[in-house]
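Trainee: Have a look at the structure that comes next, please.
The values are calculated or read from the model by the stated rules, or taken from the named source; none is laboratory data. What you see is a predicted model; the values in this text were computed from it and never measured. Please note: Cβ atoms are built from the backbone with ideal geometry, for glycine as well, and neighbour counts cover all protein chains shown. Surface accessibility is based on the protein's heavy atoms, side chains included, excluding ligands, DNA and RNA. Shrake-Rupley method; radii C 1.70, N 1.55, O 1.52, S 1.80 Å.
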Amino acid sequence: MNPIKSVFQTSSDWADQANVSHDSFATIGSTNDHAKSLSLDIDFFDQPKLVLANVQTQGRGRGDNQWISVAEDMALYSSWVFDVRKAPQPITSPLIGLATFEALKKTWPEVSFALKAPNDIYVHDKKLCGLLIELVNKGEHHRLIIGLGINVLKHPQQISESTHLLEHLDDFLTVEQWHTFLDQLIKNYKYQLRLITASELEKADRVMLKKALSACPLYTDKIQDVSPAGDLIFDNHVQSWHDL
């Protein structure tokens with residue numbers, strides 16, 4: 001059992017072993033920006049493309065938000081790029097959030113992961129992971145870009161509401177565990193690609209989304225249900241996923 005020393009190198013090694021095409025950078029502004037540039041400049045491809053960075057200097061979140069980076073080797077900065085044959089629908093965001101949550105939970109079932117719409121992963125009341133989902137269209141083709149940042153071995157100390165994965169494990173984090181997580185993650189993403197072109201969430205996904213969201217203590221009102229469109233249904237109001 002080998003403890004992880006570099007999240008970046010371990011992730012790059014996994015991509016090589018899994019035959020996942022990847023661009024890896026010691027330093028980059030934004031993995032999503034690079035992925036978008038690829039999507040506009042080259043032909044579409046059938047297999048996934050992965051962009052990895054050891055240091056990300058201009059990480060982006062939703063709107064004007066920024067992803068604050070930690071020291072090199074300590075976190076995952078990645079963008080996962082998939083070709084989609086039909087236009088993704090608004091349910092894409094909750095499905096990708098669920099896929100990420102489920103990969104983490106399956107790999108580390110002892111950790112109290114929770115999903116917070118519109119696509120943050122928390123452990124208790126601390127943020128562990130952020131997602132930025134973007135779409136590039138080229139003619140009749142569509143390319144889905146999933147920007148995924150995870151604080152793995154450390155988190156930004158200046159952000160009191162952040163945490164990192166190692167902080168919640170009983171032992172060290174191994175290379176084997178991380179590879180297992182990445183295997184599960186890409187498997188989950190590929191599965192959800194078959195569903196994101198539908199107009200509504202399936203019942204099973206709505207049930208799992210409710211469970212993942214209800215685990216987040218930051219919701220002061222109880223979530224009663226998740227609608228087919230992905231809206232959060234509370235006792236006295238309905239909150240659109242995309243307005244969060």
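Trainee: Of all residues in the range 45-76 being of a type in the set (K, R) and at pLDDT below 70, which is farthest from H164 (Cα to Cα)? Step through it out loud before you land on a result.
Mentor: Just the residues of the range 45-76 that are of a type in the set (K, R), to begin with: 49, 60, 62.
After this cut, where a residue has to be at pLDDT below 70 as well, the list is 60, 62.
Values: R60: 19, R62: 20 Å.
Checking each candidate, the answer is R62.
Trainee: Something else about it: Going by the conditions given, is S160 loosely packed, with under 15 Cβ neighbours inside 10 Å and either at positive phi or touching an Asp or Glu at 6+ places or on another chain (Cβ under 6 Å) (or both)?
Mentor: Values: loosely packed, with under 15 Cβ neighbours inside 10 Å: yes; either at positive phi or touching an Asp or Glu at 6+ places or on another chain (Cβ under 6 Å) (or both): no.
Considered against the rule, which asks whether it is loosely packed, with under 15 Cβ neighbours inside 10 Å and either at positive phi or touching an Asp or Glu at 6+ places or on another chain (Cβ under 6 Å) (or both), S160 comes out as no.
Trainee: Looking at S39, S30, can you tell me which residue is polar (S, T, N, Q), open to solvent by less than 70 Å² (accessible area, probe 1.4 Å) and modelled with pLDDT under 80?
Mentor: After ruling out the rest, the residue left standing is S39.
Trainee: Related question: Here are the criteria: (1) of a type in the set (K, R); (2) without any contact (Cβ under 8 Å) to a residue 60 or more places away in the chain; (3) closer than 16 Å to A99 by Cβ. Tell me which single one K190 does not satisfy.
Mentor: For K190, the exception is condition (2).
Trainee: Let me ask something additional. So, of the residues in the range 97-124 that are assigned to a strand (DSSP E or B) and farther than 18 Å from L173 by Cα, which turns out to be most open to solvent (accessible area, probe 1.4 Å)?
Mentor: Keep residues of the range 97-124 that are assigned to a strand (DSSP E or B), which gives 113-116, 120-123.
Filter once more, so that each one left must be farther than 18 Å from L173 by Cα: 114-116, 120-122.
Values: A114: 0, L115: 0, K116: 56, D120: 31, I121: 0, Y122: 21 Å².
This residue is K116.
Trainee: Hey, another quick one. In the list I150, I91, I133, I145, which residue meets the criterion of being of a type in the set (V, I, T), on the phi < 0 side of the Ramachandran plot and out of contact with any strand residue (DSSP E or B) (no Cβ under 9 Å at 6 or more places or on another chain)?
Mentor: Of I150, I91, I133, I145, the one residue that is of a type in the set (V, I, T), on the phi < 0 side of the Ramachandran plot and out of contact with any strand residue (DSSP E or B) (no Cβ under 9 Å at 6 or more places or on another chain) is I91.
Trainee: Give the range 154-176 a look and list any residue that's within 17 Å of K5 (Cα to Cα), of a type outside the set (D, E) and at pLDDT below 95, or say none.
Mentor: K154, H155, F172
Trainee: State the number of residues belonging to the range 185-232 that are under 29 Å from E161 (Cβ atoms) and open to solvent by less than 30 Å² (accessible area, probe 1.4 Å).
Mentor: Qualifying residue count for the region: 16.
Trainee: Still on this structure, please answer the following. Somewhere in the range 136-145, is a residue surrounded by 17 or more Cβ atoms within 10 Å (Cβ to Cβ) and in contact with a His (Cβ under 9 Å, 6 or more places away or on another chain)?
Mentor: Initial filter on the range 136-145 (surrounded by 17 or more Cβ atoms within 10 Å (Cβ to Cβ)): 136, 142-145.
Keeping just the survivors that are in contact with a His (Cβ under 9 Å, 6 or more places away or on another chain) gives 136.
The answer is yes, given that some residue of the range 136-145 is surrounded by 17 or more Cβ atoms within 10 Å (Cβ to Cβ) and in contact with a His (Cβ under 9 Å, 6 or more places away or on another chain).
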